[in-house]
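Report on the following structure.
The values are calculated or read from the model by the stated rules, or taken from the named source; none is laboratory data. These figures come from a predicted structure and were not determined experimentally. Ideal geometry is used to build each Cβ from the backbone, glycine not excepted, and the neighbour counts take in all protein chains shown.
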Amino acid sequence: MQLQDEKLQSSALQANLARTAAVVEVPERFKVLLQSVEDYYGVHKRVQDLLVELHHPFVNYDYVIDNV
């Protein structure tokens, strides 16, 4: 029996994920922001996710705007 997650994985989705995968480097000037919230796990995680998305080659601006 297949898990529901396995059923949702299509070959088109796999191809798209492979094509858009990227190593994202957050510029040094933004790391001070991460350091300022490092004692607050939840806040740190959200800021980190936001910065990674913002600097991704294929930015999802809806996500960025919703999470600012």
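Would you call Leu17 part of a helix (DSSP H, G or I), at pLDDT below 75 and not charged (D, E, K, R)? When the stated conditions are applied, Leu17 passes them.
Can you work out which of the residues in the range 20-58 that are among the aliphatic types (A, V, I, L, M), touching a helix residue (DSSP H, G or I) at 6+ places or on another chain (Cβ under 7 Å) and assigned to a loop (DSSP other than H, G, I, E, B) is modelled with the lowest pLDDT? Selected residue: Val24.
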